[in-house]
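This report refers to the structure that appears directly beneath it.
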Amino acid sequence: MILVLNCGSSSIKFALFDGAQAPLPRTPAWGGKVQGIGRSTTTFEETGRAPDTITLGAQSPYHDALTYIGERVDARLSGRPLRAIAHRVVHGGSKYFEPVRVDHQVLADLKSYIPLAPLHQPFALEAIDVLLRIRPTLAQVACFDTGFHQTLPKVEQLLPLPYASWEHGLRRYGFHGLSYEFLSIALEERLGDEARKRVVAAHLGSGASLCAMQDLKSVATTMGFSALDGLMMGTRCGALDPGALLYLMEIKNLTVEQVGHMLYHESGLLGVSGISADPPVLLPLESRDDEVGERARMALALYQRRIVREIGALAAVLGDLDVLVFTAGIGEHSAEIRQRICKDLSFLGLRLDPDANEANDPIISAEDSLVTVVVEPTNEEWIAARASLQVLGELTR
């Protein structure tokens, strides 16, 4: 059995895969999540059961949440061996791209990349650290969100800074790689050779990015050195004039910590709307004839504009667009956001089938559309479980 952990600042998602089956099943045998870690209410949810409220210690709630999950996993295993734990790790820096078995040296390296992904990196590494101490012989495999983008041409990796910065690891890495890797597999299964043409994948969740793919490989992406770059997100700003940061720090006397907190936690949809980081919450508010409605409209209009502009830019890099695929929470479930984006892309010959879009069908483009538009649920956990078997030399295709 393979356990996959996806650790965030206040939540831990987990999935248990049966590694004895070949090929590896894409649906986990069991899974769930702990939400609200460190908050007043913490819930535990597992396959087939409604969420339950659980109590964690005030001193080390994250450690307690991991312990609770471990106890539930042990009970679920019923004596079957746990072969490995796979972790989604956002950043592997310039040293790690391929999945790797973690030891204390690898962990120390990965900790040095925490400033590059402060929303996710420290929590995945805390889980690894805890498990290295309590179960040192159990294989742990780090699977990197940057890995899929190692095929980016150097011109896409370079930052327009003094060249010494490249030599010190400052470059565009790209993220959401586990999601894009799954799409590269699922799209070929769904579309055949068309998937190898000019594809833009839109991973739209609380974090958001785009990836241009050709021959199922990443050739350009919107996130760069950090997970702040590119699209406007739920609470993150996306691409921003660096002069604005200099202004905030020099004129407004904000510290590095204050600016970082604003960019990661107070910007994006939440910052512009002042209401919510979630499009489904903002959409019903647009019709209000007051400041709340105006702020909601502005936030969603900017969110849409940034996505459309970046899809257009990636289509230019590709030379045209054959396939547009939506994935992740908003991409998979918000027909309204998809419709607005696709309407603004009609100059590419893209046409939606309104009924298919509303039903979240796998193919939502109209028959006369020059671009095939796909809704494809992502499966990062399966990619991580598969990678752990590869590292251990036990993957059976």
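Numbers for the structure displayed
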item	result
Residue satisfying all of: in region 366-397; within 12 Å of residue 326 (Cα to Cα) and open to solvent by 20 Å² or more (accessible area, probe 1.4 Å); nearest to the chain's Cα centre (by Cα) among these	378
Residue 321 out of contact with any Pro (no Cβ under 8 Å at 6 or more places or on another chain), modelled with pLDDT of 95 or more, part of a loop (DSSP other than H, G, I, E, B) and not acidic (Asp, Glu)	yes
Residue within region 38-61 that is closer than 25 Å to residue 133 by Cα, part of a helix (DSSP H, G or I) and not aromatic (Phe, Trp, Tyr) present	yes
Residues that are charged (D, E, K, R), touching a strand residue (DSSP E or B) at 6+ places or on another chain (Cβ under 8 Å) and surrounded by 13 or more Cβ atoms within 10 Å (Cβ to Cβ), drawn from region 19-59	33, 45, 46
Subset tally (residues that are open to solvent by less than 50 Å² (accessible area, probe 1.4 Å), outside any loop (DSSP other than H, G, I, E, B) and modelled with pLDDT under 85) for region 113-122	1
Every pair of residues 6+ apart whose Cβ atoms lie under 7 Å, when the first sits in region 344-357 and is over 14 Å from residue 315 (Cα atoms) and outside any loop (DSSP other than H, G, I, E, B) while the second is of a type outside the set (Val, Ile, Thr) and at pLDDT 95 or above	352/339; 352/342; 352/365; 352/366; 357/335; 357/338; 357/339
Boolean, residue 64 is crowded, with 18+ Cβ neighbours inside 10 Å, without any contact (Cβ under 8 Å) to a residue 24 or more places away in the chain and not in a loop (DSSP other than H, G, I, E, B)	yes
Residue match in region 88-98 (condition: part of a strand (DSSP E or B), touching a helix residue (DSSP H, G or I) at 6+ places or on another chain (Cβ under 9 Å), under 24 Å from residue 265 (Cβ atoms) and among the β-branched types (Val, Ile, Thr))	yes
Candidate set from region 269-286 (those that are in a helix (DSSP H, G or I) and not hydrophobic (A, V, I, L, M, F, W, C)); member that is surrounded by the most Cβ atoms within 10 Å (Cβ to Cβ)	273
Unique match (being in contact (Cβ under 8 Å) with a residue 24 or more places away in the chain, over 24 Å from the mean Cα position of the chain (by Cα) and over 30 Å from residue 362 (Cβ atoms)) among 249, 298	298
Residue 289 vs. criteria in contact with a strand residue (DSSP E or B) (Cβ under 6 Å, 6 or more places away or on another chain) and open to solvent by 60 Å² or more (accessible area, probe 1.4 Å)	no
Count of region 151-165 residues which are open to solvent by 40 Å² or more (accessible area, probe 1.4 Å) and free of Cβ contacts under 8 Å to residues at least 60 places away in the same chain	8
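Residue-wise test of (1) over 16 Å from the mean Cα position of the chain (by Cα); (2) under 23 Å from residue 206 (Cα atoms).
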| residue | (1), (2) |
| --- | --- |
| 1 | yes, no |
| 5 | no, yes |
| 9 | no, yes |
| 13 | no, yes |
| 17 | yes, no |
| 25 | yes, no |
| 29 | yes, no |
| 33 | yes, yes |
| 38 | yes, yes |
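Okay, residues lined up against (1) of a type in the set (A, V, I, L, M, F, W, C); (2) farther than 18 Å from residue 8 by Cα; (3) surrounded by 13 or more Cβ atoms within 10 Å (Cβ to Cβ); (4) touching a Lys or Arg at 6+ places or on another chain (Cβ under 8 Å):
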position: 240; (1), (2), (3), (4): yes, yes, yes, no
position: 246; (1), (2), (3), (4): yes, yes, no, no
position: 255; (1), (2), (3), (4): no, yes, no, no
position: 267; (1), (2), (3), (4): no, yes, yes, yes
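The values are calculated or read from the model by the stated rules, or taken from the named source; none is laboratory data. None of the values given here were measured: they were computed from a predicted structure. Counting neighbours? That spans all protein chains shown, and the Cβs are built from the backbone with ideal geometry, glycine included. These area figures cover heavy atoms from the full protein model, side chains too; ligands, DNA and RNA do not enter into them. Shrake-Rupley method; radii C 1.70, N 1.55, O 1.52, S 1.80 Å.
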